[in-house]
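Engineer: Dumping the structure here so I can ask a few things about it.
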C-alpha cells in the first residue's frame, strides 16, 4: 500500500475554502445523514468530513484540486474530482444500492485506512495477494480457493484455482461466475474461468456476491459471483509502476497508465508474472495487456472500447507420490468489449457488446479453440417515488472445437446459444424498510426455458443496526464438456438448481466497531455426478446436497492508526465436496506507524476431504503472512512481504505440498 506523508499541514489548511455539497436521491429528494468527505488527490487521505442536514446539504472546507466522496445508507458510493473552486453548490444524485449480501474489495486505495471506520471495503494492496483469487481467499472466510504452489493455478488434470463460495463451485469451477465490467467471463467449451488470467494489473475494485446471482447473470452464478471492475483514470495523466522479486525467482511487474481529458480518456495496463517454482518442473510465466479508450458523447452518454490479451505457460510437477516432468499447459486468450453507458437523473444503465477467444495446448495432446460472444443491456429507472426498477436482457453464443493430437480423437465443434430477460424491483416502503424482488426468464438452445426468482428485505432496526433476509434461486447449465466431450458425455443432462435462504444482521454501534452475522440454508438438487468405474462411467443428474452455515465478522478500529479484522465461516453439508473446509477463519492486523505500514494476516483452515470417494482427509493448517510498506518520498514506496511466516508444512490439494517460508520485496512508483 502506498501512503504519502503530508509534511505541510497548516499551509494546506490555509488554502482550503468552504464549499456547499447537496445530496439527493434519484427523485430529487434530500438525503439527510449522508457522509461527505474531502480526499487529497493521489493519496486519498481524508482531509475533512461532514454530514448532511435535513435538507441534504452541508458545508465543508476543501483545497483544490481534491476529491469529494459521498456515502449514505442504502445508496451506492459517489465520487467526484474537483480541479478548481466551484461557482456554486456541488450536487450529488445517489443511486440506490442493491439489497444483496456482497463484499466490496478495494484493490489499491493508498490511504483508505483513515476511512475504514465508515466503510466495509477491504484493501488488497495491504496484503500479499498476487491474483484476484488470492485476494478473495485471504479476505473472505466463505470463499476458498485451491492452489498447488507459489504461483500458477494451472488447468486440466491436477489444475487448481477452483473457487467455492459457501461450499458451491464444482470441479472444475462452474458454480461461481467471474464478471468483468458487467459481462460474464468463462471458457466456452469447459464453462469454467481461467484464474491465471485474473491479474490485479487492471482491477480497481472487486465485488463478491455470496449466494445465488442467477437473476442478474444466469448460469454459473449459482453459488455467487466475483465482479471485477476495471480501473478508470482520474483527471490528467496518471502512471503507476509496481515491481517485486523474491523466493524461487518469483516476480510480479505491473504498469498502469491512463489519462482523463474533458471528453476523452484512455487506459493502458500490463502485467508480467514469473516463477521458477518451489519444486522441479513447476515453472510459471504469464503476460497480459489491456487497452481502453472512451469518449463523452454528451453529458449523459459515454462510449468506450476495451481490448485485452493474455498468455500463460504453467508446468505441473505432479503429486509427490508420482512426480511429472515436462507436463505443461499453454493458453492464450484475447477479446474486446464495446461499451455504452448513460446516466440521467432518473435513469441510468449500460450496454456491453463483448467477445473473447482462446486457444489451449496441453501436454497430453489436448488442443482446443473456444469463443464466447454476447450482448448485455441493463437500464435502471425510477418510475415513482421510492421505486427503482432494473430492466435488462442478455444473449450469448459460446462453444468451440477440440481434439487430441496424440490419440487422434476429434471431439468435434459444438455451440450453445442463450437469451434472457431479467428485472429487479426495489421499493422503499418506509425510511426503515426496503423490499426487493427479481425475476429472470432464460431460454437455452439445449435445455429450453428456466425461471429464476429472488426476494429480499432489509429492516433498519435503529441507527447502525440492520436486519436483512433473502430467498433466491440459482442454477447452472451443463457445460459443453459434460454434454459432448468427456469423461462420459451425456446430452440429456439437465441444469442443476439451488434454493438459498439467508438472514443477516449488521451492527455498527460506533465508528470504531462493525460486526455482522449471516446464517444461510441452501438446497441443491439435480447435481451432476459421475457414476460407475472407468471405463464404464456415466454423468447423471443424481446428486443432492443441503448446505447450512454461519458467517461472522468483526472490525475494530479503536484509534486512527490501528485496525483489527476477524471473520469466520462454518459450513455443514450433507455432501461436502473434496478440498472444501467446514471451518475457515481469517484475521488481519493493520498498523500505521507513520513511517511504515504493517500488515499481519492469517488464515486457518479446517480438515477437508482429500478425494471424491471421501476415504481420506487433509489436515487443517494455518498460514500467516506479513507485509511492510515504507514511504520513500512523494509517489514512491518500498515493500517487503513474507508468506508462510511460521514455515508450516501443509497441503491445499492432495500430493502438492505448499512452499515453506518465502519472501519478496519491491517498489511502487506513482506519478
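Engineer: Working carefully through the options 338, 389, find the one that is surrounded by fewer than 16 Cβ atoms within 10 Å (Cβ to Cβ) and assigned to a strand (DSSP E or B).
Structural biologist: Numbers: 389 fails: surrounded by fewer than 16 Cβ atoms within 10 Å (Cβ to Cβ).
From the options 338, 389, the qualifying one is 338.
Engineer: Moving to a separate point now. Has the stretch 399-410 got at least one residue that is in the same structural domain as residue 473 (by TED's automatic domain parsing), over 28 Å from residue 338 (Cα atoms), over 28 Å from the mean Cα position of the chain (by Cα) and buried (at least 21 other Cβ atoms within 10 Å of the Cβ)?
Structural biologist: Among the residues of the stretch 399-410, at least one is in the same structural domain as residue 473 (by TED's automatic domain parsing), over 28 Å from residue 338 (Cα atoms), over 28 Å from the mean Cα position of the chain (by Cα) and buried (at least 21 other Cβ atoms within 10 Å of the Cβ), which makes the answer yes.
Engineer: Among the residues of the stretch 294-322 satisfying the criterion of being out of contact with any strand residue (DSSP E or B) (no Cβ under 8 Å at 6 or more places or on another chain) and within 27 Å of residue 252 (Cα to Cα), which is surrounded by the most Cβ atoms within 10 Å (Cβ to Cβ)?
Structural biologist: Pass one, the stretch 294-322, residues out of contact with any strand residue (DSSP E or B) (no Cβ under 8 Å at 6 or more places or on another chain): 298-299, 317-319, 321-322.
Applying the additional criterion that residues be within 27 Å of residue 252 (Cα to Cα) yields 317-319.
Numbers: 317: 22, 318: 20, 319: 16.
Per the criteria, the residue is 317.
Engineer: Looking at 460, 432, which one is at pLDDT below 95, surrounded by 18 or more Cβ atoms within 10 Å (Cβ to Cβ) and either more than 24 Å from residue 220 (Cα to Cα) or touching a strand residue (DSSP E or B) at 6+ places or on another chain (Cβ under 7 Å) (or both)? Lay out the reasoning, then the answer.
Structural biologist: On the way: 432 fails: surrounded by 18 or more Cβ atoms within 10 Å (Cβ to Cβ).
It is 460.
Engineer: In this structure, does residue 353 turn out to be within 23 Å of residue 332 (Cα to Cα) and either out of contact with any strand residue (DSSP E or B) (no Cβ under 8 Å at 6 or more places or on another chain) or crowded, with 16+ Cβ neighbours inside 10 Å (or both)? Even if it seems obvious, please write down each step before you answer.
Structural biologist: Values: within 23 Å of residue 332 (Cα to Cα): yes; either out of contact with any strand residue (DSSP E or B) (no Cβ under 8 Å at 6 or more places or on another chain) or crowded, with 16+ Cβ neighbours inside 10 Å (or both): yes.
When the stated conditions are applied, residue 353 passes them.
Engineer: Sort through 416, 452 and tell me the only one that's over 28 Å from residue 342 (Cα atoms), at pLDDT 90 or above and assigned by TED's automatic domain parsing to the domain that holds residue 223.
Structural biologist: Numbers: 452 fails: over 28 Å from residue 342 (Cα atoms).
Every option except 416 fails the conditions.
Engineer: Now a separate question. Among the residues in the stretch 213-223, are any touching a helix residue (DSSP H, G or I) at 6+ places or on another chain (Cβ under 7 Å), more than 30 Å from residue 632 (Cβ to Cβ) and in a strand (DSSP E or B)?
Structural biologist: Within the stretch 213-223, the first condition is being touching a helix residue (DSSP H, G or I) at 6+ places or on another chain (Cβ under 7 Å), and the residues that meet it are 221-222.
Now narrow it down to the ones that are more than 30 Å from residue 632 (Cβ to Cβ): 221-222.
So of that shortlist, the ones also in a strand (DSSP E or B) come out as none.
Within the stretch 213-223 (the criterion being touching a helix residue (DSSP H, G or I) at 6+ places or on another chain (Cβ under 7 Å), more than 30 Å from residue 632 (Cβ to Cβ) and in a strand (DSSP E or B)), the answer is no, since none of the residues qualifies.
The rows are residues; the columns are (1) modelled with pLDDT of 70 or more; (2) assigned to a loop (DSSP other than H, G, I, E, B); (3) farther than 30 Å from residue 381 by Cα; (4) in contact with a helix residue (DSSP H, G or I) (Cβ under 9 Å, 6 or more places away or on another chain).
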| residue | (1), (2), (3), (4) |
| --- | --- |
| 88 | yes, yes, no, no |
| 108 | no, yes, yes, yes |
| 129 | yes, yes, yes, yes |
| 135 | yes, no, yes, yes |
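Engineer: What's the total number of residues in the stretch 233-275 that are outside any strand (DSSP E or B), surrounded by 17 or more Cβ atoms within 10 Å (Cβ to Cβ) and at negative phi?
Structural biologist: 3
Engineer: Of these, 541, 623, 575, 566, which one is in a loop (DSSP other than H, G, I, E, B), surrounded by 14 or more Cβ atoms within 10 Å (Cβ to Cβ) and assigned by TED's automatic domain parsing to the domain that holds residue 483?
Structural biologist: Details: 541 fails: in a loop (DSSP other than H, G, I, E, B); 623 fails: in a loop (DSSP other than H, G, I, E, B); 566 fails: in a loop (DSSP other than H, G, I, E, B).
Just a single option satisfies the conditions, and that option is 575.
Engineer: Only one of (1) in contact with a strand residue (DSSP E or B) (Cβ under 6 Å, 6 or more places away or on another chain); (2) without any contact (Cβ under 8 Å) to a residue 60 or more places away in the chain; (3) under 25 Å from residue 151 (Cβ atoms) fails for residue 362. Which number is that?
Structural biologist: The failed condition is (2).
Engineer: Out of curiosity, is residue 552 surrounded by 15 or more Cβ atoms within 10 Å (Cβ to Cβ), assigned by TED's automatic domain parsing to the domain that holds residue 487 and assigned to a strand (DSSP E or B)? Don't jump to the end; show me each part of the working.
Structural biologist: Working: surrounded by 15 or more Cβ atoms within 10 Å (Cβ to Cβ): yes; assigned by TED's automatic domain parsing to the domain that holds residue 487: yes; assigned to a strand (DSSP E or B): yes.
Answer is yes for this residue.
Engineer: Inspect all residues belonging to the stretch 41-50 and state whether any of them is at pLDDT below 75 and at positive phi. Write out each step before concluding.
Structural biologist: Let us first name the residues in the stretch 41-50 that are at pLDDT below 75, namely 41-45.
With at positive phi added as a condition, the list becomes 42, 44.
Scanning the stretch 41-50, I find at least one residue that is at pLDDT below 75 and at positive phi, so the answer is yes.
Engineer: Next question, about the same structure. Please indicate, with yes or no, whether at least one residue in the stretch 555-569 is more than 20 Å from the chain's Cα centre (by Cα) and closer than 30 Å to residue 613 by Cα.
Structural biologist: The answer is no, given that none of the residues of the stretch 555-569 is more than 20 Å from the chain's Cα centre (by Cα) and closer than 30 Å to residue 613 by Cα.
Engineer: Among (1) touching a strand residue (DSSP E or B) at 6+ places or on another chain (Cβ under 8 Å); (2) surrounded by fewer than 17 Cβ atoms within 10 Å (Cβ to Cβ), there is one condition residue 344 misses while meeting the rest; what is its number?
Structural biologist: Of (1) touching a strand residue (DSSP E or B) at 6+ places or on another chain (Cβ under 8 Å); (2) surrounded by fewer than 17 Cβ atoms within 10 Å (Cβ to Cβ), only one is false for residue 344: (1).
Engineer: Within the bounds of the stretch 469-490, is there any residue that is over 20 Å from residue 400 (Cβ atoms) and either out of contact with any strand residue (DSSP E or B) (no Cβ under 7 Å at 6 or more places or on another chain) or not assigned by TED's automatic domain parsing to the domain that holds residue 366 (or both)?
Structural biologist: The answer is no; no qualifying residue exists.
Engineer: Which of (1) out of contact with any helix residue (DSSP H, G or I) (no Cβ under 9 Å at 6 or more places or on another chain); (2) free of Cβ contacts under 8 Å to residues at least 60 places away in the same chain is the odd one out, the single condition residue 446 does not satisfy?
Structural biologist: So residue 446 meets the others, but not (1).
Engineer: Looking only at the stretch 190-212, count every residue that is in a strand (DSSP E or B) and closer than 25 Å to residue 475 by Cα and tell me the total.
Structural biologist: Total satisfying the criteria: 5.
Engineer: Here is a further query. Condition first: under 15 Å from residue 269 (Cα atoms) and touching a residue at least 60 places away in the same chain (Cβ under 8 Å). Now tell me which residues in the stretch 292-318 satisfy that.
Structural biologist: Listed by number, the residues that qualify are 292, 306, 308, 310.
Engineer: Further question: Look through 400, 349 and report the one residue that is part of a strand (DSSP E or B) and over 23 Å from residue 155 (Cβ atoms). Show your work before the answer.
Structural biologist: Numbers: 400 fails: over 23 Å from residue 155 (Cβ atoms).
Being part of a strand (DSSP E or B) and over 23 Å from residue 155 (Cβ atoms) holds for just one of 400, 349, which is 349.
Engineer: Search the stretch 136-157 for residues that are more than 23 Å from residue 626 (Cβ to Cβ) and pair each with any residue that is in a helix (DSSP H, G or I) when their beta-carbon atoms are under 6 Å apart and the residues are at least 6 apart or on different chains.
Structural biologist: 153/195; 153/196
Engineer: What about residue 413, is it buried (at least 17 other Cβ atoms within 10 Å of the Cβ) and outside any loop (DSSP other than H, G, I, E, B)? Outline the logic, then answer.
Structural biologist: On the way: buried (at least 17 other Cβ atoms within 10 Å of the Cβ): no; outside any loop (DSSP other than H, G, I, E, B): yes.
For residue 413, the condition - buried (at least 17 other Cβ atoms within 10 Å of the Cβ) and outside any loop (DSSP other than H, G, I, E, B) - is not met.
The values are calculated or read from the model by the stated rules, or taken from the named source; none is laboratory data. Being a predicted model, the structure only gives us computed values, none of them experimental. No Cβ is skipped: glycine too gets one built from the backbone with ideal geometry, and neighbour counts run over all protein chains shown.
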